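Novice: One structure is given below, represented as structure tokens, and several questions about it will come after.
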Amino acid sequence: MRHVLVLPDRDAAEEVAAELAERLDLPEEPRPVREALAGEDDAEDAQWLVVLEDAAPHWDLPALAALAEAHDGWLERT
């Protein structure tokens with residue numbers, strides 16, 4: 001399972017990535033990536049993503065969602 005934190009801008013994505021690395025004691029900080037959402041043609045509508053691969057079952061999903069929401073984003077699980 002992957003958890004994707006969708007964020008509005010690069011600054012928010014970098015801040016969230018750093019906070020996740022610290023909170024979750026990750027071996028390395030997740031790298032934010034920019035991706036246009038399905039159906040979006042305008043490059044300015046692209047969102048910044050922080051992807052957590054192989055999400056561990058002990059991660060607090062409400063806390064991940066709250067972190068994304070605190071930065072005007074949201075959490076998706078895939």
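Novice: Looking at Leu20 and the list (1) in a helix (DSSP H, G or I); (2) at pLDDT 85 or above; (3) open to solvent by 40 Å² or more (accessible area, probe 1.4 Å), which single condition is not satisfied?
Specialist: It fails just one condition, (3).
Novice: When the residues of segment 23-35 are filtered to those that are assigned to a strand (DSSP E or B) and not basic (Lys, Arg), which remaining residue is nearest to the chain's Cα centre (by Cα)?
Specialist: Step one: list which residues in segment 23-35 are assigned to a strand (DSSP E or B), which gives 33-35.
Keeping just the survivors that are not basic (Lys, Arg) gives 33, 35.
Values: Val33: 9, Glu35: 12 Å.
For segment 23-35, the residue satisfying everything is Val33.
Novice: Being modelled with pLDDT of 90 or more and of a type in the set (Gly, Ala, Ser) is the filter; apply it to segment 55-69 and report the residue that is least open to solvent (accessible area, probe 1.4 Å).
Specialist: Ala68
The values are calculated or read from the model by the stated rules, or taken from the named source; none is laboratory data. All values reported here derive from a predicted model rather than from experimental measurement. Areas reflect the complete protein model, heavy atoms only, side chains present, ligands, DNA and RNA absent. Shrake-Rupley method; radii C 1.70, N 1.55, O 1.52, S 1.80 Å.
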